[in-house]
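Asker: There's a structure below that I have some questions on.
The values are calculated or read from the model by the stated rules, or taken from the named source; none is laboratory data. As the structure is a computational prediction, the values presented were derived from the model and not from experiment. Virtual Cβ from ideal backbone geometry, glycine too; neighbours counted across all protein chains shown. The accessibility values were calculated without ligands, DNA or RNA, using every heavy atom of the protein model including side chains. Shrake-Rupley method; radii C 1.70, N 1.55, O 1.52, S 1.80 Å.
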Amino acid sequence: MRVERSATIDQPVDRVFEYVSTPENDPTWVPASLRHEMLSPAPNRVGSITEEDVWFLGRRMRYAWEITQYEPPTAFALRSISGPIPATIRVLLESLDGARTKVILVAEVQLRGVYKRMEPVMRWVAQRQFGTQLRTLKNLLESGAFR
């Protein structure tokens with residue numbers, strides 16, 4: 001299953017990339033994220049490992065993620081290496097005019113078992129969550145609440 005959503009944020013691409021590529025920021029803009037932290041030593045790079053607790057479909061789940069793409073300031077991707085639903089999350093950024101950034105969230109999820117039968121619901125939930133994530137990120141970064 002593939003889900004994609006995008007939004008424009010009135011902030012420079014460097015600022016947006018810095019924020020979205022910092023796992024510890026996820027609980028501030030990703031509704032499902034309860035905690036997300038680096039397990040590998042800083043700085044972020046391809047091969048770094050993170051651990052995240054999420055609330056999804058009414059239950060708490062723990063994921064370990066591997067950074068598979070780290071190309072400041074335009075691309076950041078994570079692949080689950082443990083967790084109940086295998087997934088890859090990509091954040092793609094495009095500078096529109098130096099002051100605005102187009103953010104594209106892409107999830108590719110491998111649904112199996114009971115989750116496969118729930119694909120229409122899972123797609124709807126993921127689309128909705130991505131919409132909420134992007135609105136929250138836009139509000140946070142445009143308000144100047146996080147510098």
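Asker: Find the percent of Cα-Cα distances in region 1-79 that exceed 17 Å, and round it to a whole number.
Answerer: 51 percent
Asker: For a quick check of your reading of the filter: which trypsin sites (Lys or Arg not before Pro) in region 22-67 sit in a DSSP loop and have no more than 14 other Cβ atoms within 10 Å?
Answerer: Here the sparse-neighbourhood loop sites are R45.
Asker: Of V13, V91, V114, which is the most mobile in a GNM of the chain whose springs link Cα atoms less than 10 angstrom apart?
Answerer: V114
Asker: If you take the charge dipole of region 1-131 about its Cα centre, with +1 on Lys and Arg Cβ and -1 on Asp and Glu Cβ, which of S82, G113, F17 is farthest toward its positive end?
Answerer: Going by the Cα projections, it comes out as G113.
Asker: OK, next. Excluding A107 itself, calculate the net charge of residues whose Cβ lies under 12 Å from the Cβ of A107, where each Lys or Arg counts +1 and each Asp or Glu counts -1.
Answerer: +3
Asker: Roughly speaking, what % of Cα-Cα pairs in region 92-147 are separated by over 20 Å, rounded to a whole number?
Answerer: That tail contains 42 percent of the Cα-Cα pairs.
Asker: Using alpha carbons only, how many degrees (0 to 90, rounded to 10) separate the axis of helix 119-143 from the longest principal axis of the chain?
Answerer: 20 degrees
Asker: Dipole size in debye (nearest 20) for the chain around its Cα centre, Lys and Arg Cβ +1, Asp and Glu Cβ -1?
Answerer: 660 debye
Asker: Right, another one. Let me understand the chain better: what is its radius of gyration from the alpha carbons, and its Dmax, in angstrom?
Answerer: Expressed in Å, the Cα Rg and Dmax of the chain come to 14.8, 45.
Asker: List the residues whose amide H sits under 5 Å from the amide H of S48, counting only those 5 or more places along or on another chain, with H placed 1.01 Å from N in the peptide plane.
Answerer: I67
Asker: Moving on. For region 78-120, what is one quarter of the convex hull surface built on the Cα atoms, given in nm²?
Answerer: 4.0 nm²
Asker: Keeping all protein chains in place and using 1.4 angstrom, which order do D14, D53 fall into by accessible surface area, from largest down?
Answerer: Ranking D14, D53 by accessible area, largest first, yields D14, D53.
Asker: Compute a Gaussian network model of the chain, connecting alpha carbons closer than 10 Å, and tell me which residue from E18, E37, E66 fluctuates the most.
Answerer: Evaluated over the chain, the most mobile residue of the options is E18.
Asker: Give me the compactness ratio for region 26-69, meaning the Cα radius of gyration over 2.2 N^0.38 Å.
Answerer: It is 1.20.
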